[in-house]
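What follows is calculated from the coordinates using simple rules that are stated; it is not laboratory data. Note that the structure is predicted; figures quoted are calculated from it, not measured. Heads up, the Cβs are rebuilt from the backbone with ideal geometry, glycines too, and the neighbour counts pull from every protein chain shown.
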Amino acid sequence: MSELFPSVPNGHALFSLLLTAFALFLFTRKKIPLEISSLALLVILALSFALFPYTVGGEHFEAIAFFEGFGHEALITVCALMVVGQGLVQTGALEPIGRILTKAWSRAPFLSFLMTLIVSAILSAFINNTPIVVLLLPILISVCMRTKTPASRVLMPMGFATLVGGMGTTIGTSTNLLVVSVARDLGLPQIGMFDFVVPAAIASGVAIFYLWLIAPRMLEEREVGVADSSPRLFQAYLHIDADSPVVGKTVAEAKAMASDGINLVRLKRGDHFIVLLPDAVLHDGDRLRVMDTSSKIRAAADAMKATLYSGDHQVDDEHPLNAENQTLAEIAVVAGSRLDRTNLRYTAFLQRHQLVVLGLHRAGRDIWKPSEDIMDVTLEQGDVLLVQGNKDEIRKLKMNPEFLVLDSSVEVPSTEKSLIAQLTLLAVVATAATGLLPIAVSSLAGAMIMLGARCLRLGSAIRAVSSSVYFVVVASLALGQALTITGASEYLTDVFLFFTRDSAPVMVLSALMLLMAILTNVVSNNAAAVIGTPIGVGIAQQLGVDPEPFVLAVLFGANLSFATPMSYKTNLLVMSAGGYKFNDFMKVGIPLTILMWLSYSWLLGWFYL
């Protein structure tokens, strides 16, 4: 091995390296959507190679080849498995597990916590961990309230357990699928679904015991602010009288008359409800249902010259406004929800669900600025809405699989399609594990079965496919291709080996895994995986050892997303539900990252080198 620092690569390789560095920088910019960053990188890459052609082995490289990622097997598999996972959520296929865990917690919370961590990890080896977290968050909050256990000491370990379990199979995470697919594209033998399950199971066991016995003691007791029974808004009816100035005017005009606006929920005409459109014209005798503060309701009644009713009684000293049966709840935006990447006004959330949103939080911070209307704030996965409404409406929302309601009940939605969804997942895993079908084929067939059996609607299936994951994967595959064909990956391999020269192969492997672990907590884990896989293969080839453990080092390292709440989307869900701070993730996540890094370094050396 040369003692000299590797010489500067060719111009195209240097450009690919600089663009990769720029990509990693863009992926850390929270204000720039990942979709925009990814598409921009793809366009820059394609334009550059089209305008400045590159020759590979005497043949001209076509820049259009960078678009092949849109049809890559790994991307198809990732998207199909997202749809299958959403089908499990929509049908309530995981409801039996929730019911069993609920009963167990009521009898032996300490041992049930261990069982919850184990079950979470096992399920996440076959299902995207988001449905698992969506299932368990409300259940754990409820049982913690009933057993007087601090939920803040339970929720984060559960979330981390799903990440730990996802490392066990090739389909556990999109990162795993990408690493395995890229490795095969580089000429390595296909890695089977359970080929690395033994080292993964051992390392996961170490992590589970840490999350069970140590992590809860490192977390402060925090009160989870859900299911607050103190009402903030009132419900009432505005009866439009004949002499009211709003008769003949539209709903939008009537609303403008009310001081500071008013939350109009429903319009009733006779025995029928009228769609509350802005241009709907009001008639004499109409009843407008409103939900707002007492002062705003009274001001609206005065402005419209409407008679104010509370229930069946006209509001007066004897029958004042009341908030009977009103309650507060917190709702998290999850994959597949109509609220993801849109706003409350566009989805007609108030009219559809009869609930008023009082606050919006993202990663524990209030994102509703006083200068903007709360109905116009664009929402993202992991955002939490504080809502108020009738308890029956909250209960309906609880049974709607599009939403994650964080309250004290343990109701889990279930439908007659749940058995179909369970059998579909079993068929996808079994056919792929036995080699009967490639995972891309079995997962896509599973997604079609879910749609054909009406386990979920087409709209829900489309929303289940994360656009950010989709475009990041495509851009990452294109960057990885550019690094490989230009020799940039080989250059990075030489640089890495220069700094780890004279080290044993297991130490080089360990250093590679640590590098991936650092990258995955700063940038997209999928990007880290695609960029790191060719480097891992190149290192093994130059060392003259089996490349598989180095590919697995990249796979495991890119999955160690524990140190920050932004490193994985379920971390944000857990952060909001548990009332955690950024430092809480560092306090628990960094030791867990180090523990798993050391465990996997030793295990990969023991099993493969």
**Prompt:** Where the convex hull is taken over the Cα atoms of the chain, what is its projected area averaged over directions, in nm²?
**Reply:** 30.9
**Request:** Just rank D383, D271, fewest to most, by other beta-carbon atoms within 10 angstrom.
**Result:** D271, D383
**Prompt:** Counting other Cβ atoms within 10 Å, which chymotrypsin sites (Phe, Trp or Tyr not before Pro) in the range 424-522 have at most 12 and lie in a DSSP loop?
**Reply:** none
**Prompt:** Around G359, which amide H atoms from residues at least 5 apart in sequence, or from another chain, sit under 5 Å from its own amide H, with H modelled in the peptide plane?
**Reply:** L386
**Fill in**
Along the dipole axis of the chain (charges at Cβ: +1 for Lys and Arg, -1 for Asp and Glu; origin at the Cα centre), the most positive-end residue among A529, L492, L604 is L604
**Message:** Cross-link candidates for K305: which lysines have Cα within less than 17 Å, leaving aside residues fewer than 8 places away along the same chain?
**Reply:** K249, K255, K296
**Prompt:** When the distances between all Cα atoms of the range 234-314 are binned every 5 Å from zero, what whole-number percent does each bin get?
**Reply:** 3, 17, 31, 30, 15, 3
**Fill in**
The answer for V265, listing residues at least 5 apart or on another chain whose modeled amide H is closer than 5 Å to its amide H, is R289, V290, M291
**Request:** Tell me which residues come under 5 Å, amide H to amide H, from G487 once H is placed; ignore anything under 5 positions away on its chain.
**Result:** none
**Prompt:** How big is the Cα convex hull of the range 35-149 in projection, averaged over all directions, in nm²?
**Reply:** 10.8
**Message:** Counting other beta carbons within 10 Å of each residue's own, what order do V164, V281 fall into, fewest first?
**Reply:** V281, V164
**Asked** Counting Lys +1, Arg +1, Asp -1, Glu -1, what net charge surrounds P33 among other residues with beta carbon under 10 Å of its beta carbon?
**Response** +2
**Request:** May I ask you to evaluate 6.51 cos²θ - 1.76 cosθ + 1.60, the Karplus curve with θ = phi - 60°, for each residue of the range 98-111 and list the ³J(HN,Hα) values in order in whole Hz, giving x for glycine and proline?
**Result:** x, 5, 5, 5, 4, 5, 5, 4, 5, 9, 9, x, 5, 6
**Item:** ³J(HN,Hα) computed for each position of the range 215-220 - Karplus, 6.51 cos²θ - 1.76 cosθ + 1.60, integer Hz, glycine/proline x
**Value:** 3, x, 6, 8, 9, 6
**Message:** Please give me, ordered by residue number, the GluC sites (Glu not before Pro) of the range 22-81 that lie in loop per DSSP and have at most 16 other Cβ atoms within 10 Å.
**Reply:** E62
**Helical mean residue ellipticity (222 nm; -39500 (n - 2.57) per DSSP H run of 4+; nearest 500) of the chain** = -17000 deg cm²/dmol
**Request:** Return the loop-located trypsin sites (Lys or Arg not before Pro) in the range 450-522 (DSSP other than H, G, I, E, B) with at most 15 other Cβ atoms within 10 Å of their own Cβ; answer none if there are none.
**Result:** R454, R457, R501
**Item:** Rounded to whole Hz, the Karplus (6.51, -1.76, 1.60) HN-Hα couplings of the range 28-43, x for glycine and proline
**Value:** 8, 7, 5, 7, 9, x, 4, 4, 5, 4, 5, 5, 4, 5, 5, 5
**Request:** Just order 46-52, 351-357, 178-184 by mean Cβ neighbour count inside 10 Å, highest at the front, would you?
**Result:** 178-184, 351-357, 46-52
**Fill in**
Per-residue Cβ contact counts at 10 Å, fewest first, order L339, L238 as L339, L238
**Prompt:** In what sequence, highest mean first, do 213-221, 130-138, 553-561, 600-608 appear when ranked by Cβ atoms within 10 angstrom?
**Reply:** 553-561, 130-138, 600-608, 213-221
**Request:** Note down the net charge around P591, summing +1 for each Lys or Arg and -1 for each Asp or Glu among other residues with Cβ under 15 Å from its Cβ.
**Result:** +1
